[in-house]
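Scroll down for the structure; my scribbles are underneath it.
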Amino acid sequence: MTERTDSSPAKPEAQRSAQQRVSFSQRFWKIWDRGGIFIILGVFAIVLALLTPRFLTPQNLINLVRQVSVLTLMSMALLTVVITGNIDLTVGAFAGLIGALIAGFSIALGFFPALMLVALIAIFVGLTNGFLTTRGKNLSVIVTLAMMTIIQGVTLLYTESRPITGFSEAIVALGSGYIGPIPVPVIIAVLVALLIHFMLNHTRFGRELFAIGGNPEAARLSGIPVKLRIIHAFVISAMLSATAGIVLTGRVASAQPNAGVGDELDAVGAVLIGGASLSGGKGTVLGTLAGVLILGMISNGLNLLRINPFYQYVIKGLIILFAILMDQWERD
């Protein structure tokens, strides 16, 4: 008897087909990682420019970047934590609390003493979030969700559910002032974005945050103080959220008891759309800024087109879902 051999070309052909699919997939993700978000941003801008000529007017563009300045600050706060593989759901509520506190403190003590007090409070909240998160694995969602509820309650108690007005003009200037043609909140947001970009890409601290998000155990074995760095990330997040709260209060010239509530979802959306991963170890300032602008253009464009603003929630939700699915598919 002679031994049968499989000389069919089907197997090599199947291997080549599989290799081609893998090669295409690798090229696609490489292109997506490098510029996918900016392609989406460009498409959004082109569509809105075609639908309404008012979109590209200098006045509207300045208004757009001014509107997203607070979200930019919250998103930079969240990005710092998400890179470590954690999440901070207090960024919106805490911004509201700080806005109320600095308004009230400035009336009683003056602007600079109030600023020092809210900075200390931000450090305390950041330390608390970070410390509780590092007591076990995957605790950041539960810890910060509970803290978000506590913070919302404290804000309502402090304000007695009423807006606070009549505070320092310095706060109003931070939220509504201009330096030349450029709004002060935009300048603050740009400076913070540059600072976070430098920290993440050009410092040992930033590299350690990425290492923790990529593989916490390997980071620990390489000598990185994982728990301490996570606490540091939460402190930075709280400080940036406090900055957002001050700018928001100055922008509306009043401290609203429900200010910032729900904004953490937009911040999460901007960070994820910008290419960060909930599993950690990934994310850029430029990508996050693109995510912020996309969300801002949705609101701005619907307003210009006089479309029911409730559609914003549907569109934003779909975009965030798309970003999460893309992240999952890339990891698979």
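Figures for the structure shown
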{"read-out": "Any hit, segment 196-219, residues being closer than 25 Å to Met116 by Cβ and touching a His at 6+ places or on another chain (Cβ under 9 Å)", "value": "yes"}
{"read-out": "Residue that is surrounded by the most Cβ atoms within 10 Å (Cβ to Cβ), among those in segment 175-218 that are touching a Pro at 6+ places or on another chain (Cβ under 9 Å) and modelled with pLDDT under 95", "value": "Gly175"}
{"read-out": "Near pairs, Cβ below 9 angstrom, 6+ apart or cross-chain, from segment 245-268 (on the phi > 0 side of the Ramachandran plot) to any residue that is surrounded by fewer than 18 Cβ atoms within 10 Å (Cβ to Cβ) and part of a helix (DSSP H, G or I)", "value": "Ala253/Val172; Ala253/Ser176"}
{"read-out": "Cβ pairs under 7 Å, 6+ apart, first in segment 110-133 and of a type in the set (A, V, I, L, M), second at pLDDT below 95 and surrounded by fewer than 18 Cβ atoms within 10 Å (Cβ to Cβ)", "value": "Leu132/Leu139"}
{"read-out": "Subset of segment 299-313 (residues that are within 19 Å of the chain's Cα centre (by Cα) and without any contact (Cβ under 8 Å) to a residue 24 or more places away in the chain)", "value": "Gln312, Tyr313"}
{"read-out": "Gly110 of a type in the set (Gly, Ala, Ser) and more than 29 Å from Glu208 (Cα to Cα)", "value": "yes"}
{"read-out": "Hits in segment 270-313 (condition: closer than 19 Å to Gly42 by Cβ and of a type outside the set (A, V, I, L, M))", "value": "Gly274, Gly275, Thr284, Gly287, Thr288, Gly291, Gly296, Ser299, Asn300, Gly301"}
{"read-out": "From the options Val235, Val247, Val261, residue that is of a type outside the set (Gly, Ala, Ser), within 16 Å of Phe94 (Cα to Cα) and assigned to a loop (DSSP other than H, G, I, E, B)", "value": "Val261"}
{"read-out": "Residue within segment 316-326 that is under 13 Å from the mean Cα position of the chain (by Cα), part of a helix (DSSP H, G or I) and touching a residue at least 24 places away in the same chain (Cβ under 8 Å) present", "value": "yes"}
{"read-out": "Checking Asn63 against (1) at pLDDT 90 or above; (2) buried (at least 20 other Cβ atoms within 10 Å of the Cβ); (3) part of a helix (DSSP H, G or I), the condition it does not meet", "value": "(2)"}
{"read-out": "Where Ser140 falls short, out of the listed (1) in contact (Cβ under 8 Å) with a residue 60 or more places away in the chain; (2) in contact with a helix residue (DSSP H, G or I) (Cβ under 6 Å, 6 or more places away or on another chain); (3) of a type outside the set (Asp, Glu)", "value": "(1)"}
{"read-out": "Selection count, segment 163-173, where residues are buried (at least 19 other Cβ atoms within 10 Å of the Cβ) and of a type outside the set (Phe, Trp, Tyr)", "value": "3"}
{"read-out": "Condition check for Phe55: in a loop (DSSP other than H, G, I, E, B), touching a residue at least 40 places away in the same chain (Cβ under 8 Å), crowded, with 17+ Cβ neighbours inside 10 Å and aromatic (Phe, Trp, Tyr)", "value": "yes"}
{"read-out": "Among the residues listed as Ala290, Ala276, the single one being outside any helix (DSSP H, G or I), of a type in the set (A, V, I, L, M) and in contact (Cβ under 8 Å) with a residue 12 or more places away in the chain", "value": "Ala276"}
{"read-out": "Residue match in segment 81-88 (condition: over 28 Å from Ile212 (Cβ atoms), hydrophobic (A, V, I, L, M, F, W, C) and either in a loop (DSSP other than H, G, I, E, B) or touching a strand residue (DSSP E or B) at 6+ places or on another chain (Cβ under 7 Å) (or both))", "value": "no"}
{"read-out": "Matching residues, segment 293-311, being assigned to a helix (DSSP H, G or I), more than 20 Å from Ala276 (Cα to Cα) and either at pLDDT below 80 or of a type in the set (Gly, Ala, Ser) (or both)", "value": "Ser299, Gly301"}
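The values are calculated or read from the model by the stated rules, or taken from the named source; none is laboratory data. None of the values given here were measured: they were computed from a predicted structure. Backbone-built Cβ (ideal geometry, glycine too); neighbour counts: all protein chains shown.
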